[in-house]
Amino acid sequence: MINEECAALWDEMRARRPLVHCITNYVTANTVANGLLAAGASPVMADSPLDAVDITKKADSVLFNMGTFGKDRCRAMLTSGQEAGLTKKPVVLDPVGAGSTEYRLKNALYMLRQFRFAVIRGNASEIAALANAPSIAQRSEKGVDSAYVGTDGAKQLAKDASEKFSCAVSVTGKTDIVCKKDRLALVNNGVDMLSRVTGTGCLASGLTAALCAVGDNYIAAVTAVAAMGIAGELAAVNAKGTGSFYVNLLDALTVMDGSVILQKAKIEEI
Amino acid sequence: MINEECAALWDEMRARRPLVHCITNYVTANTVANGLLAAGASPVMADSPLDAVDITKKADSVLFNMGTFGKDRCRAMLTSGQEAGLTKKPVVLDPVGAGSTEYRLKNALYMLRQFRFAVIRGNASEIAALANAPSIAQRSEKGVDSAYVGTDGAKQLAKDASEKFSCAVSVTGKTDIVCKKDRLALVNNGVDMLSRVTGTGCLASGLTAALCAVGDNYIAAVTAVAAMGIAGELAAVNAKGTGSFYVNLLDALTVMDGSVILQKAKIEEI
Amino acid sequence: MINEECAALWDEMRARRPLVHCITNYVTANTVANGLLAAGASPVMADSPLDAVDITKKADSVLFNMGTFGKDRCRAMLTSGQEAGLTKKPVVLDPVGAGSTEYRLKNALYMLRQFRFAVIRGNASEIAALANAPSIAQRSEKGVDSAYVGTDGAKQLAKDASEKFSCAVSVTGKTDIVCKKDRLALVNNGVDMLSRVTGTGCLASGLTAALCAVGDNYIAAVTAVAAMGIAGELAAVNAKGTGSFYVNLLDALTVMDGSVILQKAKIEEI
């Protein structure tokens, strides 16, 4: 049932090619752009506060990614978020490093008060920081690429954050958890090597934004992490290391259609 | 005849390894740098207004790419453009997104008034915005990666912009059009997948700048789009998706010499 | 003997997965992050002066890379360098382009006065600029990717700079030279194609920082350039161009363990 919803939404995204305005970090901007193009969406990366409004006006959805966060990017997000609110466009927040720095946490929380997001997607330490669960945040704090705190911890975090911020929340890790109101999904796709390539989390957020442009936010969030996990599984088959794994990942996204998601997604709703 | 001119210029560029000062966006900077290195040029990426002059002084040509445009990058372009003018170095303008935001359009037009460019390279919507052909610009406006408005429309745009700005103009799309004064070329190389990888347009502009450093601007612009198109055709042969396509593209540029261009370029001059 | 020290340090780094705070340029940030992840370290890229201290606090070592240097990145380095000094964390300086622009040279020298670095890694023109050997710097100045000035010149530079700045100095080129006090190593691994891919030097600096986090700075610097060279040799075997070479390079780093370094490193200590 949920597999079918996800497969349909994926195909819908590929058919409609939504334009996603990405305000994102420079480390993985190339990966997010290429991943969105491979999957069938249309990215536009622009982070100046001076043209954020123009770009958001034309976009179908918006991504705020807080990697390499700084003053200009912050102003661009505030401007874009206001425009997106006026024109009812879904905005996805990826609070990269919110568990690591006061500056990012403070600004993430400020944006969460100012705007209603469609989805927040992060690892457990990031979501824990936002949801004010400091003990979990500290336990899982070693850089931005390792944040697994156990499935039960992540489930509680997703629930707490979803309630606190009134939006869908996607906590990624070994098992990905997506929660919105009374729906909660566990997604068990993926391989370890996904955490050895920079930007796979950022791309999951980008795909979430693309999918939000064409359908329900909760299904979008589930579909995005399932698609990334499946692409990772397919990519791992002939990978000789992280270089070929990344190439295979983009190849897998290029040819992935709904039937692949229908067949391979390991989603459990509880 | 034109194929021979292009082939000779390409080999000249590979022999002389021109240093290209790229003031460009962070999304595709890596792609442009790696593409230029693969093709045999020598890129230097630097976008601080505080050292733009020093770098331009050492460079053989300059690239201004307006993706992720902002205040600092703008100031770097203004400083570098002045230095390039004094030292007669060719500057290529890639007005990324000039059809999408007032801010970029205004600044692109300002630079076009201040400086004499060697070549402007963009998609139809970008060139239409500069040439003040708003109806075409609006028709083709969906993100920065889809701008095809028909060969006849693009030909007229290239002519109008070339006359208006007194320089060579390269309008890329399904058919690439290059115009300067009384010469106009149609280049029919390329594959659809080139538009599914971010930065292929940016790289075409980078190659144009590298080729301008060693020869005629019009031939440089034609050669750059032909080389990109041919590399795309070669890359598509064994590509399983956009990941392997991009890898193949750099590989094709690495080994491409003039004989490949001589043989495979589909250039029609009218 | 030195091969064994390097092999042991490499394995130690892979076992301990040090967190490396990278303040680096946007052209190769993705390459440095993916290279560090492939090799087994844990990168965190953050360059805002507003959170540099928080990130440095959590990190095991720090990388300052001066590519695409500018005001904000400069302030972030000054803030981070102070914190690293207080908490005794090793900092590696990669003075990209210090031989090309007054602005970068001035700031590199300022930081060298303010902070005690663990290692400086650059090409000959960059180190020559810092060590005030202007004739060598000028001879080798063509962009940031070509800086070889002969093994004897590089040896002298490494010695001079090591004495002047009281730290290990790594001068990379056809032969890589590492010097600290009375130890000097020549590393003869590597292939020409490493200079045809952007960011291989930046990654060598990143690996140096990762290795400094777990062991002696001099051995770290030697190990980093040996590992990069070996990875390049392995990557070249089936490369069809720079695209596949880069993929192979990351693959080689992913699977490389100490035994590979023990067997393949061509290090001569004099």
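Every read-out reported here was derived from the displayed coordinates using simple, explicitly stated rules and does not represent laboratory data. Since this is a predicted model, take the numbers as computed values, not measurements. Using ideal geometry, Cβ is built from the backbone for each residue, glycine included, and neighbour counts are taken over all protein chains shown.
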| request: Can you find, among A:Ala252, C:Leu253, C:Gln114, the residue farthest towards the positive end of the dipole of the protein assembly as shown? Put +1 on the C-beta of Lys and Arg, -1 on that of Asp and Glu. | output: C:Gln114
| Estimated vicinal HN-Hα couplings, Hz - region C:195-206 in sequence order (Karplus 6.51, -1.76, 1.60; Gly, Pro = x) | 8, 9, 10, 6, x, 5, x, 4, 5, 4, 5, x
| task | Could you work out the mean count of beta carbons from other protein chains within 10 Å of each residue's beta carbon in C:101-110? | result | 4
| Amide H neighbours of C:Lys266 under 5 Å, counting only residues 5+ apart in sequence or on other chains, H built in-plane at 1.01 Å? | C:Asn188, C:Asn189
| Relative contact order %, region A:2-269, counting alpha carbon pairs below 8 Å whose residues are six or more apart | 22 percent
| message | How far, in nm to one decimal, is B:Lys106 from itself in the other copies if the label point is set 7 angstrom along Cα toward Cβ? Shortest first, please. | response | 3.1, 3.1
| task | Note down the nm distance, to one decimal, between modelled labels 7 Å out along Cα→Cβ at A:Asn238 and at B:Gln82. | result | 5.5 nm
| HN-Hα J couplings of region A:40-48 from phi, Karplus 6.51/-1.76/1.60, θ = phi - 60°, integer Hz, Gly and Pro as x? | x, 9, 10, x, 9, 9, 7, 10, 8
| remark: Highest GNM mean-square fluctuation among A:Val178, A:Val237, A:Val91, for chain A with Cα springs under 10 Å, belongs to A:Val237
| note | For the table A:Lys58/B:Lys71; A:Lys240/B:Lys240; A:Lys71/C:Lys58; A:Lys57/B:Lys266; C:Lys181/C:Lys266; B:Lys88/B:Lys159, the rows whose alpha-carbon distance is greater than 27 Å are A:Lys57/B:Lys266
| note | Here region A:99-106 yields Karplus 3J(HN,Hα) values (6.51, -1.76, 1.60; θ = phi - 60°; whole Hz; Gly and Pro given as x) of x, 10, 9, 4, 4, 5, 4, 4
| task | Would you grab the residues whose amide H sits under 5 Å from the one on C:Cys22? Only those 5+ places off in sequence or on another chain, please, with H modelled 1.01 Å from N. | result | C:Val44, C:Met45, C:Ala46, C:Leu63
| field | C:Asn132 versus B:Ser259: modelled label distance in nm, points set 7 Å from Cα along the beta carbon direction | value | 5.4 nm
| query | When ranked by the protection proxy of mean other Cβ atoms within 10 Å per residue, highest first, what sequence do the peptides C:118-130, A:99-111, B:239-251 form? | reply | C:118-130, B:239-251, A:99-111
| query | For B:Glu163 and B:Tyr110, FRET efficiency with R0 = 25 Å and r from the beta-carbon atoms, rounded to 0.05? | reply | 0.80
| message | Check which residues have an amide H placed less than 5 Å from B:Leu184's amide H, if you skip close sequence neighbours. | response | B:Ile270
| request: Run through the DSSP bridge list for the protein assembly as shown and note the antiparallel percent, rounded to the nearest 5. | output: 35 percent
| message | For peptide A:192-201, what's the mean number of Cβ atoms from other chains within 10 Å of each residue's Cβ? | response | 3
| said: Just to be sure I understand: chains C and A are related by a rotation, so which residue of C has its Cβ closest to that axis, and how close in Å? | reply: C:Tyr26, 2
| remark: One would report the antiparallel percent of DSSP beta bridges in chain B, rounded to the nearest 5, as 35 percent
| message | Can you give the local net charge around C:Ala252? Use residues other than it whose beta-carbon is closer than 12 angstrom to its beta-carbon, Lys and Arg +1, Asp and Glu -1. | response | -1
| task | Run through the other copies and list how far each one's label point is from that of B:Lys71, in nm with one decimal, shortest first; the point sits 7 Å from Cα along Cα-Cβ. | result | 0.7, 0.7
| note | Measuring from its Cα centre, chain B shows a charge dipole (+1 at each Lys and Arg Cβ, -1 at each Asp and Glu Cβ) which, in debye to the nearest 20, is 500 debye
